[in-house]
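Everything below concerns the one structure shown next.
The values are calculated or read from the model by the stated rules, or taken from the named source; none is laboratory data. In this text, all values refer to a predicted model and were calculated from it rather than measured experimentally. All Cβ positions, even for glycine, are placed from backbone atoms using ideal geometry, and neighbour counts span all protein chains on display.
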Amino acid sequence: MTVAFSEKTKEKFKAILAKYPEKGAALLPTMWLAQKEFSVITPEVEEYVAKLLGVPLVRVHEVLTFYTMYAAKPLGKYHLQLCTNISCTLLGAEDILEHLKDKLQIGAGETTPDKKFTLSTVECLGYCGTAPVLQVNDDFHENLTTKKVDELLTKLK
Amino acid sequence: MPKPILSKNFGKKNAHSLGVYIQDGGYEAMKKALTEMKPEQIIQEVDKSGLKGRGGAGFPVGKKWSFIPKEAPKPKYLVINADEGEPGTYKDRPIMECDPHAVVEGAIITCFAVGIHWAGIYVRGEYVKSIERLEGAINEAYAKGYLGKNILGMGFDLDMVVHRGAGAYICGEETGLLESFEGKKGQPRMKPPFPAIVGLFQGPTVINNVESIAAIPHIVKNGGEWFNGLGAPGIGGGVKLFPVSGHVKKPGIYELPMGTPLREIIYKHAGGIRGDKKLKAVIPGGASAPVLKPEEIDVPMEYANLAKIGSMMGSGAVIVMDEDTDLVKTLRVLMCFYAHESCGKCTPCREGTGWMAKIIKRIEKGEGESADLDTIVSIANGIRGRTLCPLGDAAVGPALSFVTKFRQEFEDYIKVGAG
Amino acid sequence: MPTLTIDDQQVTVDQGTTILDAAKKLGISIPHFCYHPRLTKVDACRMCLVEVKDAPKLVTSCSNAVRDNMVVFTGTPKVEEARKSILEFILINHPLDCPICDKAGECKLQDYYFRHSRQPSRFKDYKVKKHKVVDLGATMVLDSERCVVCSRCVRFCKEVAGEENLGIFNRGDHSEIGTYPGKKIEHNYQGNLADICPVGALTAKDFRFKCRSWLLCKVDTICPGCSNGCNAVVHFTLRSFDGIKGQRVFRLTPRENNDVNKIWLCDVGRWGYSFIDSIDRLTTPALKKGEDFVKSDWDTVLRETASGLKTVVERYGPSAIGVIPSPHLTNEDLYALKCLFSCVLKVTNIDFKLPGLDKGEGDKLLLKADRHPNTRGAELLGLSGTGLSAEAMMEKVKTGEIKALYLVGSDPVKYIGEKAEEALSRAELLIFQGTNFNASCKLAHVILPGATFVEKEGTFTNYQGRLQRINKALEPLGEAQADWEIFTRLGKRLGSYPSYKYAEEVFKDMAREVAPFTGLSYQKIGPQGIKLTLPEGKS
Ligand SMILES: Cc1cc2nc3c(=O)[nH]c(=O)nc-3n(C[C@H](O)[C@H](O)[C@H](O)COP(=O)(O)O)c2cc1C
Ligand code: SF4
Ligand code: SF4
Ligand code: SF4
Ligand code: FES
Ligand code: FES
C-alpha cells in the first residue's frame, strides 16, 4: 500500500514548510499532519514523511519512538490519557485508574476489543490545580471523581 | 493584594482576541519600544526590572539577552519555551489561552531589543487550545501589521511560528528543545557552545519561558524599576505566578510578589490544608525542587532564599502534601517520572533514574531491604552534578530530600514489608 | 598557547585542546567511552570526568578545552569515586557475557572495571531486556544489551561513512541502537564499527566466536586491498588450536595514519585477508604431468624453470619471453624480478598493466578503483612500456613468437578472458609464481608457490607515492617463499645475481639504483611511511 496526503493536507504541508528556515525542522509538524490523516504512523507513513522532507528514515523512527504522543499502533476512538503524576496522584488518580481498568476491562496501554477506548497513563498534563485530570483525545476533564468518570464513559459510548 | 498583571486576563471573556487586548492597553508597550526606545534601552529596563527567568533556572532575563552577539554570521532566533512539563506547573497554559497577545507582544519587543527576525514558540503537544489561541493571535497580529515586514513602519521585520511538541519532558530543557525544534529527538546538547552563541539552526538564540516573555510588555510600559518594586521589600524582582496544587483548600494560580513567604501562599492564598489536616511536606518549585518540612515553610519564595535552605524556586509550583500522604508512593511517582523522561543520552541519568525507580517500587511493594535507602542515596550522589543536562539533578532533588528528611517513614515501610 | 598542570606535570598545548588530549600528551590516559578523536563530541558517557581546581563540579575532560594556568587532577579520590559510579551505572543493565563475548580482552568496560572499580554488584532488580544477535548488515551483529549507548557507531555512520542509517530508539534506560527495522547497513566501512564500539555490542560476523582476542599476535602491515595503502595491523595466531583449525590470520584492523587512512579501513580491504589461509593456497612447487599437477620440490622446479628460460633465450632470443607481474607484489619482489629478467636475461617484454587492472569500484573515502597496493611502485620501477604490452604478449604467444610466459601473481585470464586462455594454453612454457591457484595458474607447466603479504618483509608505494612497509608476521604456508627470494635463487642459476638474504638488502640495492628511492632505508620509512619525491608529472 502506498500512502499519500490528500490535496488539502498537501496544502497544509506546504504552508508548514514555508514557515521554517530549514526543511528538516518540519519533521514534528509533518508527523502531526500524518497522524491526523492516517491515525497511525505505520512504516509506510514513516517512509512517506522521510521522503517528503528528505530526512533519513532512521531519524523519523527515532522521533517516533522518542516522543510519547505519536501513535505507532492504532488507538481506540477515544484515547483516555490519565495523568498519574504527583498532584493527580495526591488527589486520587490511582483510584480513578483502577476504576477505569475495571470499567473498561483493560490495562493501561491497552485498547478495548471494540476499538473504542485506549487507556494510557501519562505524565503531568499541566492541569494540576484541577487534579485529577483525564485527557480524552484533545479534551480535558478536570476534578475527576469515579462518578464523573462513569458519566463521561456513558457519554462517549 | 495588588492588582494582577500577568494573570489579569485569566478567566476574562474574549481576552484572547486582539480587539479586547488592545482596548485594555495592549500593544502600547510594543509601540513605545519600537518608536521611542533604542534596543539597548529596552535591555536596560529589563535588567532593572530584576526579572529572572520563569522557566526554572532563574537566570536574569536582561543579562541573557546581552549575551547575544550584535553581529553574527548566522541569523539570530528567539525561542519561547512553552513546554511546561514540570509536574505541578500549570501557569504558562492560562497565559497562552487567555492572554496570547501578551506573548506575541512580548516576543516582538524582545526581538526588536535583540535584533531578531524569527521567533518560534515551542508548545507542548497536549496544549491544543494554547496552540489554537497563539496561532489565532499571531494571525491577528500579522493582519494588523504587528508581525511581518516593516512593523509600524519602523523597518523592523519579524516572523513568528508556533511549533508543537510531541510528548517529552526533556524538551523543556533549552538545548533539548532546540534539537526538537530542528526536527530531532529532544536530546540535550553539550555546552559550551551555549545557545546564545550557537543555538537554533546554529544561530545565536534567546530562549525564554512564556511567563518571562509575557512580563516584558508590562516592564516596557511601566519601567523596570516599577516591576522590580512589585517584589517583596528587600527582595524585588517583580511578581510571579505561583501555581498551587495538592492538598490545599483552594488550589489555583496566585500572582504574588517575589519573596512571598511559602506559608502565606499555602495558608492565606490557597486556604490552608484540605480538611484542616496537618501539613506533612511541601515541594516549593515543581517536582524537581527538594521537598520541605513544615518547619521550613517560612522561607520567602525567591531564588536565593530557597537555595539557602537546600531547595529551589524552579517554576514556583507549590505542591502540598497533608499528614496522610504516603511519601513512599509519592516518591515512587516522581522517580518513575524521571526514569520515564530521561532522554537516555548520558550514563548517570539514563541508568540511575531507572535504578532508583526500581528500588522505590520494590520498597512500595513491601520488598525493600535495609540497604536500599543507602543505595538510593548513593545512586543520587552518583548522578548529582555529573549529568549532561539538569534533568539528572532534577531527579536527585526529590530522591535525596525525601529519603533523608523522611527516612523514618521509608524505614518503617521496609520493616513492615520485611515483617 | 595555554600552559596547564595535570597531575603535577606542566604541559603547553594549542588553544582549544581538550583536557583529555592535553593529558594524552603527558602520557596520562583518561578513561572514556563516547569520545573518539575522529568523531564529533557528545559529552554523553561521563566516564572522562576529572577534577579541575576551583571548579564546583567534576568536568568532562573530553569536551572541555584547557585554559591557561588550569590545574587538573585525574586521579583524586573524587574522580575515582565518579568512575566507579559511572561503571556501576553501566553495569546494572549489562549482561554477564564476558566468557562468550568477542570483545573480551580488549573491551573498555572490562578494562576500566578492572582498573577503577572491582566492586561487587549492588543491583538487586531486573535488568532491562534488549535485542540480542541483531543482524545489522552483511558483516555486523548487534547485541543491544552490551551497548553502553555511547553513540560512536551512530556518529561514525553519519559523519564518516556518510550514511545516516543507525539511530538510537526509545529513551531512558530503554534506549537502543539500531537500523530502521528491516533495513541493513550498506556502506563499505562497517568493520570500523566493531573497532570503535568500546564494548562487545557491535561485532564482526567474520570474527564471531572464532578466537579469544588475547591469543592473537599483532604485527603492523599495509592493507593490500587497493592502491590507497591503508595502514593496518594483522592479527594472527601461531598455534592452530587457539582458533579455527587451519586459520592463522583472524582479522585486519586499522592503524592510525592521518595522511592515509585516518583511523579506518574499508570492508573490501579488511575482509580480503582470507586468501592467506584458504584451501586454494599454493603450498608446494609443482609440475604439470599430463592433465595434472604433480608435487615437486624447489630444486627440481627451479632447475626446470631455469633451463626452460635459458633454452628459449638461446634459441629465440630474449624477445621470446614475456613477463607479467602483478602489482600485488612488493617493490622488493618487483626489483628482484627486474634484475633477473631485464638485467640478467635482457627481456624487454615486461608489463604489469593488464587491461582493466584499475577498473574496480572506488569510493570517496578510502577505497580506490585500482585494487592493487603497489601499482605506483611497479610504475616507478619501469615495469611497463619497455616492450610489448601484456595484451600484445597474448597475441605473440598465440602466433608462437613468444615461447615462454612468466606470470608472477597475475591472472591474464581474469582480465583478458578467452583470448588469454587460448594464448596461455598454447604457450610452450608457462610458469606461474604466486600465492593462490587461479584460472591462469591452471594452464601453467610449472608452479612456484609465493608468500603472501603477511609472510614477508617489503614495501608498497601507494597511489600518492607514499612508501610504506609491510612486516613478516608468519612463516610462508607450506614451502612457499617470498617472490624476491625465488628470483634470487633463479638468478643464481641463470647468471650473476646478488645473493640476497633479506628483503632489506634488495631494498638497499633498489635505493641505490632507482631514483625516487634514493637515500631511503627501512629505518627512514618508519611505521608511518614516507612520501617519495616523484619525477615530474608523476605526482
Ligand atoms: C528537564 C528540564 C525541563 C525544563 N522544562 C522547562 C519548561 O517546561 N518550561 C520552561 O520554560 N523551562 C523549562 N526548563 C528550563 C529551561 O531549560 C530554560 O532554563 C528556560 O526555558 C529559560 O527561560 P527563562 O530564562 O525565561 O526561564 C527546563 C529545564 C530542564 C533541565
Ligand atoms: S541528564 Fe538525563 S535527560 Fe539530561 S542528557 Fe543526561 S540522560 Fe538526558
Ligand atoms: S562488552 Fe565487555 S564487559 Fe560486556 S560482555 Fe563483552 S567483554 Fe564483557
Ligand atoms: S553499539 Fe557500541 S558504538 Fe554503538 S552506541 Fe553501543 S556501545 Fe557505542
Ligand atoms: S500532576 Fe496531573 S496534571 Fe499535573
Ligand atoms: S568521554 Fe567524555 S563524556 Fe564520554
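Whether a residue is more than 14 Å from chain B (Cβ to nearest Cβ), modelled with pLDDT of 95 or more, surrounded by fewer than 22 Cβ atoms within 10 Å (Cβ to Cβ) and closer than 17 Å to B:LYS191 by Cα was assessed, and C:THR17 passes this test. Beta carbons closer than 8 Å, at least 6 apart along the sequence or on distinct chains, pair a first residue in region A:66-90 that is within 16 Å of ligand 2 (Cβ to nearest atom) with a second that is hydrophobic (A, V, I, L, M, F, W, C) and part of a strand (DSSP E or B) for A:PHE66/C:PHE169; A:THR68/A:VAL122.
For region C:29-38, the count of residues that are in a strand (DSSP E or B), under 13 Å from C:THR74 (Cα atoms), away from chain B (no Cβ under 14 Å) and not hydroxyl-bearing (Ser, Thr, Tyr) is zero.
Applying the criterion of at least 1 residues that are of a type in the set (S, T, N, Q) to the helices (runs of 4 or more DSSP H) found wholly in region A:21-133 leaves A:27-38, A:57-66, A:86-90.
Report, by residue number, each residue of region C:39-59 that is among the acidic types (Asp, Glu), more than 13 Å from chain B (Cβ to nearest Cβ) and on the phi < 0 side of the Ramachandran plot. Matches in region C:39-59: none.
Scanning region B:342-358 for residues that are within 7 Å of another protein chain (Cβ to nearest Cβ) and not polar (S, T, N, Q) returns B:CYS343, B:GLY344, B:LYS345, B:CYS346, B:PRO348, B:ARG350, B:GLU351, B:GLY352, B:GLY354, B:TRP355, B:LYS358.
The condition of being within 12 Å of chain C (Cβ to nearest Cβ) and among the small types (Gly, Ala, Ser) holds for only one of B:GLY397, B:GLY382, that being B:GLY382.
Scanning region C:146-183 for residues that are away from ligand 4 (no atom under 13 Å from the Cβ) and of a type in the set (Gly, Ala, Ser) yields C:ALA161, C:GLY162, C:GLY172, C:GLY182. A residue that is among the acidic types (Asp, Glu), more than 12 Å from B:GLY183 (Cα to Cα), surrounded by 18 or more Cβ atoms within 10 Å (Cβ to Cβ) and more than 7 Å from every other protein chain (Cβ to nearest Cβ) cannot be found anywhere in region A:5-13. Among the residues in region C:247-261, are any touching a helix residue (DSSP H, G or I) at 6+ places or on another chain (Cβ under 8 Å), surrounded by fewer than 20 Cβ atoms within 10 Å (Cβ to Cβ) and modelled with pLDDT under 95? Yes; the residues of region C:247-261 include at least one that is touching a helix residue (DSSP H, G or I) at 6+ places or on another chain (Cβ under 8 Å), surrounded by fewer than 20 Cβ atoms within 10 Å (Cβ to Cβ) and modelled with pLDDT under 95. I'd like the residue in region C:81-109 that is free of Cβ contacts under 8 Å to residues at least 24 places away in the same chain and not hydroxyl-bearing (Ser, Thr, Tyr) and, out of all such residues, is farthest from ligand 4 (Cβ to nearest atom). Here the residue is C:GLU81.
Output yes when any residue across region C:188-200 is in contact (Cβ under 8 Å) with a residue 60 or more places away in the chain, under 20 Å from the mean Cα position of the chain (by Cα), within 16 Å of ligand 6 (Cβ to nearest atom) and not in a helix (DSSP H, G or I), and no when none is. Within region C:188-200, one or more residues are in contact (Cβ under 8 Å) with a residue 60 or more places away in the chain, under 20 Å from the mean Cα position of the chain (by Cα), within 16 Å of ligand 6 (Cβ to nearest atom) and not in a helix (DSSP H, G or I).
Would you point out the residue of region C:161-173, among those that are buried (at least 19 other Cβ atoms within 10 Å of the Cβ) and not charged (D, E, K, R), that is farthest from the other protein chains (Cβ to nearest Cβ)?
So in region C:161-173, the residues buried (at least 19 other Cβ atoms within 10 Å of the Cβ) come out as C:161, C:165-169, C:171-173.
With the extra rule that they be not charged (D, E, K, R), the set shrinks to C:161, C:165-169, C:172.
On the way: C:ALA161: 13, C:ASN165: 6, C:LEU166: 7, C:GLY167: 4, C:ILE168: 7, C:PHE169: 4, C:GLY172: 4 Å.
Once the filter is applied, the top-ranked residue is C:ALA161.
The set of residues from region C:205-248 being of a type in the set (A, V, I, L, M, F, W, C) and either farther than 20 Å from C:LEU366 by Cα or assigned to a helix (DSSP H, G or I) (or both) comprises C:PHE207, C:PHE209, C:CYS211, C:TRP214, C:LEU215, C:LEU216, C:CYS217, C:VAL219, C:PHE236, C:LEU238, C:PHE241, C:ILE244. Of the residues that make up region B:162-174, is at least one part of a strand (DSSP E or B) and more than 15 Å from ligand 1 (Cβ to nearest atom)? There is at least one residue in region B:162-174 that is part of a strand (DSSP E or B) and more than 15 Å from ligand 1 (Cβ to nearest atom). Contact annotation: no residue pair with Cβ atoms under 6 Å, 6 or more positions apart or on different chains, pairs a residue in region B:383-396 that is within 16 Å of ligand 3 (Cβ to nearest atom) and modelled with pLDDT of 95 or more with a partner that is part of a helix (DSSP H, G or I) and not β-branched (Val, Ile, Thr). Selection within region C:60-106: residues that are within 10 Å of chain B (Cβ to nearest Cβ) and touching a strand residue (DSSP E or B) at 6+ places or on another chain (Cβ under 9 Å). The member of this set that is farthest from B:SER378 (Cα to Cα) is C:ALA65. Of the residues making up region C:446-468, at least one is in the same structural domain as C:LEU354 (by TED's automatic domain parsing), touching a Lys or Arg at 6+ places or on another chain (Cβ under 9 Å), acidic (Asp, Glu) and modelled with pLDDT of 95 or more.
The C-beta contact set for region C:48-74 (first residue within 16 Å of ligand 1 (Cβ to nearest atom), second residue modelled with pLDDT of 95 or more, distance under 8 angstrom, 6+ apart or interchain) comprises C:LYS57/B:GLY385; C:LYS57/B:ARG386.
Let's see how each residue does on (1) among the hydroxyl-bearing types (Ser, Thr, Tyr); (2) surrounded by fewer than 21 Cβ atoms within 10 Å (Cβ to Cβ):
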| site | (1), (2) |
| --- | --- |
| A:LEU33 | no, yes |
| A:SER39 | yes, yes |
| A:PRO43 | no, yes |
| A:THR68 | yes, yes |
| A:LEU91 | no, no |
| A:LYS101 | no, yes |
| A:THR112 | yes, yes |
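Only one of the numbered conditions (1) away from ligand 6 (no atom under 16 Å from the Cβ); (2) within 14 Å of chain B (Cβ to nearest Cβ); (3) modelled with pLDDT of 95 or more is violated by C:CYS150, and that is (1). Can you spot a residue in region B:58-77 that is under 23 Å from B:LEU134 (Cα atoms), surrounded by fewer than 22 Cβ atoms within 10 Å (Cβ to Cβ) and in contact with a Ser or Thr (Cβ under 6 Å, 6 or more places away or on another chain)? No, region B:58-77 has no match at all. Just one residue in the set A:THR112, A:THR84 is facing chain B (nearest Cβ under 10 Å) and away from ligand 3 (no atom under 16 Å from the Cβ); that residue is A:THR84.
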